[in-house]
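Structure first, commentary second.
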Amino acid sequence: MPQPDYTALLDAEIHQYLALNASFMPQDPSLQNIRAAYLAFCAAIQPDLPDIAFTDAKIAGVPTRRYAGRAPDALVVYFHGGGFVLGNLESHHAICMEICQNTGLDVLAVDYRLVPEHPWPAHFNDALAVVDALGEKIILAGDSAGATLAASLTLKRRTSVHGHMLIYPWLDLPEEHASFKTHANAPILTAEGIVEFEALRLSGQPRPKTPDYFPLIGDDFNELPPSYISIAECDPLADEGALYNTLHMFSGGESVLMEESGLMHGHLHARHHSAKAMAAFEHICQGLQNLSAWEKPPF
């Protein structure tokens, strides 16, 4: 199978961003060093922040950070990406703050426990505890592994969730989809990296056969709230988001699939370095506003 030509598929702005990202990678790729490098990179690319008030607090024992919107009609509950291994409130601070600014909605970032120190299902239990403690109109959102949580929680609590936003989501078993092979060597996230992340997530446990673990393991997509799904062209996970969109619509639900060409997994962090990434971010913010305004048909 011929490999994609990323020198042609990705433009000069993205290649400059990728070079900057690569410059932060440690020579010793221990988990501790990779985590430190990721946070250092996120701090280095952080733009000037908007004037948004935020408050840190624990909900159901889980650390969270809430950003105050202008006139919020809903609360976006946001789960960060990072393969369940990387990331925290700081890695996605600017992203959540700009979502709040661009949409006017309140945003609640959830600092769930990471693997391998806290294997499955610790991250799912943390996310579920926060959602169950909220008595508000909520939209569940997340990127990558965070989108895994957003989708799994929507399936589990479908009657109490107003909508869900999945950004380059990780939804199914490795090697189940063509994009996993086509984009096995894509920038930022490779097929090998996905397998390694899952091994850390399980930490020796057998893979659970439940949509609480991977949403596409499930077979009930009925009566779900509306979804917006953003996938990137050059991403081994792209087909998973597309399939979720299809299953949601075939089950009678409302879903919008946003296919972002010329972008790779993790492009949220590139939004101030790439016009294409910023356009994708604006699509996501508009999608969240649309989800907030959606009203369930009276039948």
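Quick rundown of the values:
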| quantity | calculated |
| --- | --- |
| Candidate set from the stretch 38-75 (those that are small (Gly, Ala, Ser) and surrounded by 17 or more Cβ atoms within 10 Å (Cβ to Cβ)); member that is nearest to Asp28 (Cα to Cα) | Gly69 |
| Failed criterion for Ile229 (all others in (1) β-branched (Val, Ile, Thr); (2) without any contact (Cβ under 8 Å) to a residue 60 or more places away in the chain; (3) not in a loop (DSSP other than H, G, I, E, B) hold) | (2) |
| Residue satisfying condition, being under 21 Å from Glu196 (Cβ atoms), touching an Asp or Glu at 6+ places or on another chain (Cβ under 7 Å) and not hydroxyl-bearing (Ser, Thr, Tyr), within set Leu31, Leu18, Leu39 | Leu39 |
| Residues of the stretch 255-278 classified as closer than 18 Å to Pro47 by Cβ, out of contact with any Leu (no Cβ under 9 Å at 6 or more places or on another chain) and outside any loop (DSSP other than H, G, I, E, B), total | 5 |
| Filter result for Leu216 (among the aliphatic types (A, V, I, L, M), more than 21 Å from Thr154 (Cα to Cα) and either surrounded by fewer than 15 Cβ atoms within 10 Å (Cβ to Cβ) or more than 15 Å from the chain's Cα centre (by Cα) (or both)) | no |
| Unmet criterion (only one of (1) modelled with pLDDT of 95 or more; (2) farther than 30 Å from Glu117 by Cα; (3) in a loop (DSSP other than H, G, I, E, B)) for Pro236 | (2) |
| Glu175, sole failed condition from (1) assigned to a loop (DSSP other than H, G, I, E, B); (2) in contact (Cβ under 8 Å) with a residue 40 or more places away in the chain | (2) |
| Check on Tyr17, surrounded by 14 or more Cβ atoms within 10 Å (Cβ to Cβ) and over 21 Å from the mean Cα position of the chain (by Cα) | no |
| Residue in the stretch 190-201 that is in contact with a helix residue (DSSP H, G or I) (Cβ under 7 Å, 6 or more places away or on another chain), surrounded by fewer than 20 Cβ atoms within 10 Å (Cβ to Cβ) and not in a helix (DSSP H, G or I) present | no |
| Hits in the stretch 20-35 - residues which are over 12 Å from Ala270 (Cβ atoms) and either of a type in the set (Val, Ile, Thr) or under 20 Å from the mean Cα position of the chain (by Cα) (or both) | Ile34, Arg35 |
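The values are calculated or read from the model by the stated rules, or taken from the named source; none is laboratory data. On a predicted model such as this, the values are computed, not experimentally measured, just so you know. Reconstructed Cβ throughout: ideal geometry from the backbone, glycine too, with neighbour counts over all protein chains shown.
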